[in-house]
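Derivation of every value follows stated rules applied to the coordinates shown; laboratory data play no part. This one's a predicted model, so the numbers in the text were calculated from it and none came from an experiment. All Cβ positions, glycine included, derive from the backbone under ideal geometry; neighbour counts span all protein chains shown.
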Amino acid sequence: MSPAEQEQEPVQVQEVDTLSTLEDRIQRAVQLVSRLRQERDAALEETAAARTEAESARSEADAARNDAETARGEAETARAAAERLTSENQTLVAERKQVRTRIEKLLGQIDQLSAS
């Protein structure tokens, strides 16, 4: 081998090594990009699922608020009805007492007339 050929051989080996190293680095970069894309896609799916879950929770909370508001309205209506019925009951008790007193007076007068 001539000295020029001997000098070319290490340069060629060095170029092959450099090319091989570059190829390895490119393959690692491709793998890294692929893995990062998969992680990004997984993160996007998790984000979408979390948003759906949050929206569902908001809807349930809104429904619960509406139910609570309806229940408060019904409770207020029931409270008003109870007050009205209590008042009516008190009126009826007072009327019954008056009727009883009047009947007792009438019976007393009848007893006096019978006794005379």
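Suppose we look only past 24 Å in the calculated P(r) of region 21-116. What percent of the Cα-Cα pairs does that tail hold?
Considering region 21-116, 71 percent of its Cα-Cα pairs are separated by more than 24 Å.
Which part of region 31-48 falls in the paramagnetic zone of residue 57, meaning amide N under 20 Å from the point 7 Å along Cα-to-beta-carbon?
43-48
Between the helical axis of 3-115 and the dominant principal axis of the chain, each derived from Cα atoms, what acute angle in degrees is found, rounded to the nearest 10?
Computed tilt is about 0 degrees.
From the helices alone, meaning DSSP H stretches of at least four residues, give me the mean residue ellipticity at 222 nm for the chain, per-run term -39500 (n - 2.57), in deg cm²/dmol to the nearest 500.
Helix-only estimate at 222 nm: -37500 deg cm²/dmol.
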